[in-house]
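FYI, it's all coordinate maths here, none of it is from the lab. Only a predicted model underlies this, so the values are computations on that prediction, with no experimental measurement involved. Positions of Cβ are backbone-derived with ideal geometry, glycine not excepted, and every protein chain shown enters the neighbour counts.
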2 protein chains.
Amino acid sequence: MKVAVVGLGLIGGSMAIELKRRHFADEIVGVDSDSVNAEAALKIGLADRMASFDDAVRECDITILAVPVGAAVRMLPHVLDMYGQEGKGCRKIVMDVCSVKEQMIRSVHYHPMRGNYVSSHPMAGTEYSGPWAAMPGLFDGRACIICNSEESDPRAVKVVENLFDALNMRVIYMNASNHDVHTAYVSHISHVTSFALALTVLDKERDEKHIFDLASGGFSSTVRLAKSNADMWVPILSQNRDNVLHVIDTYIEKMKDFREAIADFDEDRIRELIESANKIKRIIR
Amino acid sequence: MKVAVVGLGLIGGSMAIELKRRHFADEIVGVDSDSVNAEAALKIGLADRMASFDDAVRECDITILAVPVGAAVRMLPHVLDMYGQEGKGCRKIVMDVCSVKEQMIRSVHYHPMRGNYVSSHPMAGTEYSGPWAAMPGLFDGRACIICNSEESDPRAVKVVENLFDALNMRVIYMNASNHDVHTAYVSHISHVTSFALALTVLDKERDEKHIFDLASGGFSSTVRLAKSNADMWVPILSQNRDNVLHVIDTYIEKMKDFREAIADFDEDRIRELIESANKIKRIIR
């Protein structure tokens with residue numbers, strides 16, 4: 001199987017490593033519009049060779065769009081158009097790995113080649129980006145969501161399931177709208193809270209140099225995601241606007257609950273809030 | 001040197017391990033009002049033996065108060081009273097390791113034995129608590145703050161510096177009021193934001209079971225501190241009220257900046273906020 005990976009960053013690059021290593025792909029054809037990244041990806045060995053977008057889509061059995069969702073949503077109809085030019089019987093598959101799904105799926109809902117597209121989201125990542133951030137094992141044991149699978153050809157879904165099986169992921173099926181609510185809660189909000197925490201401390205740091213010295217392990221862990229890349233996160237927050245706004249509003253209410261309890265020296269209420277929050281132990285090991 | 005450790009939890013227990021291992025202490029006398037913890041501490045080997053609070057203070061050269069700050073603030077004057085009963089020349093030392101310093105220090109400001117107290121805060125920890133959470137190496141290379149050292153006997157400060165040297169910590173000197181501002185920024189606020197994040201997700205989880213499955217690495221890291229113990233955190237947030245409220249207010253403003261930019265689909269502004277937050281890379285490796 002020839003696999004085109006468009007965007008050899010953290011996710012695309014890590015997929016490329018594993019798909020080759022676990023013999024799912026015979027050849028990885030890389031595409032990256034950034035010439036420095038493209039060169040690095042080749043040097044690191046993420047791809048066997050680089051090609052233009054159109055050449056890669058034409059040559060490969062599967063095209064993985066591993067670019068920020070703002071770019072992916074523009075590329076997807078173009079890939080399906082190219083498949084359409086090959087005729088109704090084209091069995092090539094295009095998939096994306098973006099963190100917001102509804103807009104992607106809506107953009108090709110009526111496309112005659114819609115069945116050749118499988119919408120997926122491997123739930124894995126780090127705060128780093130670019131080909132240097134790619135690493136083996138990133139997906140091991142993690143969940144991968146396939147959205148609106150009934151709109152894809154069953155054969156295409158089967159191939160993509162095998163692909164995620166090669167990455168050692170558990171596949172979960174969900175509709176795009178539920179997916180986008182869930183990721184707002186378990187992923188997008190954590191990024192916004194980390195960004196806000198970083199901004200708060202950096203504001204202070206202008207006049208207080210000691211903060212550098214004192215940053216504790218707890219702070220580092222909480223603020224880690226604030227290193228995340230704007231190219232990736234601007235379109236996510238923008239495309240998942242309504243869900244993210246809803247979660248931010250709930251979150252600000254919780255912050256205000258703490259504020260009020262602390263302002264009132266209401267230790268019973270602070271304890272109640274903390275002990276309720278402690279229930280997260282059930283979810284997070 | 002005989003060292004009494006009052007409270008053999010994460011911090012006290014970890015100090016006990018290292019002080020014995022690195023030959024700073026010849027004997028560790030443990031004190032723990034919780035009988036299960038006391039038994040566990042002995043079994044794990046954190047202390048050579050357990051004793052009552054008064055016996056331990058009487059017998060030991062150094063008493064380390066490693067209990068929540070609400071309890072420590074009540075114990076401290078009592079220890080200094082006991083030292084006073086031994087006479088003006090008593091050379092024993094009491095120290096605490098709490099995360100808020102001003103109220104502790106104010107509580108003994110006029111005590112005739114004030115010089116025997118050294119106020120310190122080793123900046124290390126995990127989200128776990130109790131004797132089972134104690135571990136070697138917890139303090140390695142981390143910062144430790146000594147507050148208002150000019151109010152302590154220089155000899156006592158010297159001994160405590162040696163103690164932190166044995167723990168392999170870098171000592172930083174600061175007045176209590178600055179300390180409390182800094183810890184509000186680099187530690188206390190991260191706990192509040194994690195608690196609030198946990199509450200937000202748990203609220204949702206009532207009707208959405210998938211969140212369990214989907215919790216990603218980024219979410220786990222951001223919400224990690226929400227497992228932290230209420231016994232420890234209620235008095236911290238309460239004693240450092242004014243600083244914490246100030247930081248919460250700044251933080252809520254930052255969240256609202258994001259909210260507004262996302263609500264307005266203002267991608268340039270979202271990018272600006274994220275790229276400003278990215279500057280945290282300078283601080284956090």
**Study point:** At most 15 other Cβ within 10 Å, DSSP loop - trypsin sites (Lys or Arg not before Pro), the stretch B:175-270
**Key:** B:Arg206, B:Lys209
**Study point:** Straight-distance crosslink candidates among aspartates and glutamates, where the alpha carbon sits under 13 Å from A:Lys92 and sequence neighbours closer than 8 are dropped
**Key:** A:Glu59, A:Asp61, A:Asp81, A:Asp153
Review point. Which distances, in nm and shortest first, link the B:Pro136 label point to the same label point in every other copy, taking 7 Å along Cα→Cβ?
Key: 3.2
Check your understanding: To the nearest 10 degrees, how steep is helix B:35-44 against the longest Cα principal axis of chain B, on a 0 to 90 scale?
Key -> 80
Check your understanding: From the backbone phi of the stretch B:52-63, what are the Karplus-calculated ³J(HN,Hα) couplings (6.51 cos²θ - 1.76 cosθ + 1.60, θ = phi - 60°) in whole Hz, Gly and Pro given as x?
Key -> 6, 3, 5, 4, 4, 4, 5, 7, 9, 6, 10, 10
Review point. Looking only at other chains, what is the average number of their beta-carbon atoms within 10 angstrom of each beta-carbon in B:179-189?
Key: 6
Check your understanding: What residues of the stretch B:1-23 lie in the reach of a label at B:Arg58, counting those whose backbone N is under 16 Å from a point 7 Å from the Cα along Cα→Cβ?
Key -> B:4
Check your understanding: Say a label goes 7 Å from Cα toward Cβ at B:Arg106 in every copy; what distances in nm does this one have to the rest, shortest first?
Key -> 5.5
Practice item. Return one number: the angle in degrees, 0 to 90 and rounded to the nearest 10, between the long axis of the Cα atoms of helix B:10-21 and the longest principal axis of the Cα atoms of chain B. Key: 50
Revision key, fill the gap. Simple spin-label estimate for B:Met1/B:His23, 7 Å along Cα→Cβ, in nm, reads 1.4
Study note, to complete from the structure: From DSSP H assignment alone, runs of 4+ in chain B each adding -39500 (n - 2.57), the sum over residues rounded to the nearest 500 puts [θ] at 222 nm at -15500 deg cm²/dmol
**Study point:** 14 Å Cα-Cα reach of B:Lys227 towards aspartates and glutamates, excluding residues that sit fewer than 8 places from it in its own chain
**Key:** A:Glu272, A:Glu275, B:Glu127
Practice item. For chain A, set up a Gaussian network in which alpha carbons nearer than 10 Å are linked by springs, and say which option among A:Val192, A:Val67, A:Val201 fluctuates the most. Key: A:Val201
Exercise for review: At most 16 other Cβ atoms within 10 Å and a DSSP loop assignment: could you name the chymotrypsin sites (Phe, Trp or Tyr not before Pro) in the stretch A:223-272 that fit?
Suggested key: A:Phe265
Check your understanding: Using 0.36 nm per residue, how much length does the chain from B:Cys90 to B:Lys43 gain when fully extended, once their Cα-Cα distance is taken away?
Key -> 13.6 nm
**Study point:** Derived scalar couplings ³J(HN,Hα) [the stretch A:128-135; Karplus, 6.51 cos²θ - 1.76 cosθ + 1.60; whole Hz; x for Gly, Pro]
**Key:** 9, 9, x, x, 5, 8, 5, 7
Review point. Considering only Cα-Cα distances, which of the following residue pairs are longer than 20 Å: A:Lys254/B:Lys256; B:Lys254/B:Lys281; A:Lys2/A:Lys158; A:Lys281/B:Lys43; A:Lys254/B:Lys254?
Key: A:Lys281/B:Lys43
**Study point:** For the stretch A:107-180 and the stretch B:71-143, distance of Cα centres in Å
**Key:** 53
**Study point:** Calculated label separations, A:Arg49, copies of the chain, 7 Å along the beta-carbon direction, nm
**Key:** 8.0
Check your understanding: Helix B:267-277 versus the longest principal axis of chain B: what is the Cα-based angle in degrees, 0 to 90, to the nearest 10?
Key -> 10
Exercise for review: Starting from the Cα-Cα distance between B:Asn178 and B:Tyr110, subtract it from 0.36 nm times their residue separation and give me the gain in nm to one decimal.
Suggested key: 22.4 nm
Study note, to complete from the structure: Percent antiparallel among DSSP beta bridges confined to the stretch A:2-174, rounded to 5, stands at 15
Practice item. For the stretch A:1-107, run through the trypsin sites (Lys or Arg not before Pro) and keep only the ones in DSSP coil with at most 15 other Cβ atoms within 10 Å of their Cβ. Key: A:Arg22, A:Lys88, A:Arg91
